[in-house]
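Below is one structure, written out as C-alpha cells, with a few remarks after it.
The values are calculated or read from the model by the stated rules, or taken from the named source; none is laboratory data. What you see is a predicted model, and the numbers here were worked out from it, not measured in a lab. Here the Cβ positions follow ideal geometry from the backbone for every residue, glycine too, while neighbour counts run over all protein chains shown.
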Ligand SMILES: [Zn+2]
C-alpha cells in the first residue's frame, strides 16, 4: 500500500510555491504646496482641538522637498517598492494634513514618509532631525512602535548619507498628520533653509541626491530589505 499513499500525498501537496506578496507601498509626502491653507481641521479623530491645515512652509521649502521626494520615488521604485505621492507638483493650495494621512491610510502604506525642511528665526539653527508620533491610546498606539523604529533608522541613514549634523529623533503629540495616520508615520526635517550653509546645500542636485539615497536606505532598512538597491 506504500505506493498509493505516496501518490495521494503528492496530489494534495502544493504544485507551485505561493505567489509572491505584492510589494509594500511607501507613501511619500512632500510637505506643503504653493499656498498655505488657513482653514482648520481636528488635530486627531474626534478631537475638539483644531489646527490650521497648513501654515505654509519656510520660504522655498515646498519646491526643495518635492525635488527630493520625486528622486526618492524613483529610487524606491527601482528597489521594487510601490510608491504613492501625496503631490507631484507645487501649484496649489495645500490639502492639509488630514487629507495627507488619509492618502496614506487608503494606500495601506508600509511607511508614510513625510519630507520637510526647517526654518528658524536663528540663522545658526542647523541639522537634521526626524519626528514621529507620541504614544496616545486610540490615536497612535497601533503605529507607535513601528514609527519610532522607522524614525531611528531613517534618521541614521539620512545623516550618514548627507553628513548633516545629527539632531536625533523627537516625539510629537501635536501633528495632525500623525494623529490621523493608521500606518507607521515619520516626518523628516532635512535641514534648515534659514541656515546659509544648509540652504546652499539643499539647493544643489548633489546634496538632494544624497538626501534621497539616505531616505531610501532608511526606508529599506525599516522594511527589512537590502539597502544596496538605493545606490
Ligand atoms: Zn515643513
- Query: Being surrounded by 15 or more Cβ atoms within 10 Å (Cβ to Cβ) and in a loop (DSSP other than H, G, I, E, B), is that true of even one residue in the stretch 144-154?
  - Reply: no
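Would you say residue 138 is modelled with pLDDT under 95, over 12 Å from the mean Cα position of the chain (by Cα) and in a loop (DSSP other than H, G, I, E, B)?
Working: modelled with pLDDT under 95: yes; over 12 Å from the mean Cα position of the chain (by Cα): yes; in a loop (DSSP other than H, G, I, E, B): yes.
For residue 138, the condition - modelled with pLDDT under 95, over 12 Å from the mean Cα position of the chain (by Cα) and in a loop (DSSP other than H, G, I, E, B) - is met.
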- Task: Would you mind listing the strands (runs of 3 or more DSSP E) fully within the stretch 15-109 where at least 1 residues are out of contact with any helix residue (DSSP H, G or I) (no Cβ under 6 Å at 6 or more places or on another chain) and at pLDDT 95 or above?
- Result: 37-42, 50-54, 82-85
- Item | Residue check for residue 44: buried (at least 18 other Cβ atoms within 10 Å of the Cβ), over 25 Å from residue 223 (Cα atoms) and within 18 Å of the chain's Cα centre (by Cα) | no
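What are the residues in the stretch 211-231 that are outside any helix (DSSP H, G or I) and farther than 18 Å from residue 22 by Cβ, if any? Show your work before the answer.
Our first condition is that a residue be outside any helix (DSSP H, G or I); within the stretch 211-231, this holds for 223-226, 231.
Selection gives 226, 231.
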- Query: What do you reckon, is residue 123 more than 16 Å from the ligand (Cβ to nearest atom), closer than 29 Å to residue 197 by Cα, over 13 Å from the mean Cα position of the chain (by Cα) and modelled with pLDDT of 95 or more?
  - Reply: yes
- Message: Looking only at the stretch 56-82, filter to residues that are surrounded by fewer than 18 Cβ atoms within 10 Å (Cβ to Cβ) and over 23 Å from residue 203 (Cβ atoms); which one of those is farthest from the ligand (Cβ to nearest atom)?
- Response: 80
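Looking only at the stretch 164-189, count how many residues are touching a residue at least 40 places away in the same chain (Cβ under 8 Å) and either within 12 Å of the chain's Cα centre (by Cα) or away from the ligand (no atom under 16 Å from the Cβ) (or both). Steps first, answer last, please.
Pass one, the stretch 164-189, residues touching a residue at least 40 places away in the same chain (Cβ under 8 Å): 167, 169-189.
So of that shortlist, the ones also either within 12 Å of the chain's Cα centre (by Cα) or away from the ligand (no atom under 16 Å from the Cβ) (or both) come out as 169, 171, 173, 177-189.
The qualifying residues number 16.
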